[in-house]
1. Going by amide H atoms built from the backbone, whose H comes under 5 Å of the H on residue 29, apart from near neighbours?
2. Which one, 91, 3, 77, is farthest towards the positive end of the dipole of the chain when Lys and Arg carry +1 and Asp and Glu -1 on their Cβ?
3. By the gyration tensor of its Cα atoms, with a ≥ b ≥ c the square roots of the eigenvalues, what is the shape of region 68-115: rounded for a/c under 1.5, prolate for a/b over b/c, or oblate?
4. Can you tell me the FRET efficiency between residue 101 and residue 37 if r is taken as the Cβ-Cβ distance and R0 is 25 Å, rounded to the nearest 0.05?
5. Please report, in whole Å³, the volume per residue of the convex hull around the C-alpha atoms of region 29-96.
6. Can you list the trypsin sites (Lys or Arg not before Pro) in region 1-65 that are in a DSSP coil and have 12 or fewer other beta carbons within 10 angstrom?
7. Cross-chain or 8 or more residues apart, Cα under 25 Å: how many lysine pairs in the chain fit that? Count them up, please.
8. Quick one: which residues, 5+ away or cross-chain, put their amide H under 5 Å from the amide H of residue 4? H built at 1.01 Å from N.
Amino acid sequence: ETFYTLLLDGNLREFALVSLPKKGAISFTAIGKDRESLAAAVRQAMAESQVLPSQLVSVQVRQGKGAFSDTRSVALMANLIGHFAGVPVRNLGVGGRWQLTLKAARSLPQESAIKPHYYAEPNITSPK
């Protein structure tokens, strides 16, 4: 059986679904970018690749200096997928290294829920 990890980049709004075989090299099953609906793109990629949530071993998130709403929505999506698939969700921070072996992905510590990490106050102007 093949297992997968889901990588979400909150700064670039990109994702990768990576197969993690017990032996041999990893392979990128799906890679995508969708500024409008990252969740829908991930769902579609998993369906087209015939990857079941039960085959996920982790969800990994890198958050960068992305937009306020993007940062928040990627954290929410990661938490939902992790919760319903029953897998650990890990915030790797800015420039964190993806864990791309089955052993490393399985050994990620479970966080109850990752929180969005904002690098600046939201740029909200007062009404004119």
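1. Residues meeting the amide H criterion: 17, 18, 19.
2. Value: 91.
3. Details: a/c = 2.34, a/b = 1.31, b/c = 1.78.
The shape class here is oblate.
4. Numbers: r = 30 Å, r/R0 = 1.21.
E between residue 101 and residue 37, to the nearest 0.05, is 0.25.
5. On the way: hull volume 6.2 nm³, N = 68.
It is 91 Å³ per residue.
6. Working: sites: 13, 22, 23, 33, 35, 43, 62, 65; in loops: 13, 22, 23, 35, 65.
Within region 1-65, the qualifying trypsin sites (Lys or Arg not before Pro) (loop, at most 12 other Cβ atoms within 10 Å) are 22, 23, 35, 65.
7. So the count of such lysine pairs works out to 6.
8. 20, 56, 57
The values are calculated or read from the model by the stated rules, or taken from the named source; none is laboratory data. No experiment lies behind these values; they were computed from the predicted model shown. For neighbour counting, all protein chains shown are included, and Cβ atoms are generated from backbone atoms with ideal geometry for every residue, glycine included. Please note that ligands, DNA and RNA were not included when accessible areas were found on the heavy atoms of the full protein model with its side chains. Shrake-Rupley method; radii C 1.70, N 1.55, O 1.52, S 1.80 Å.
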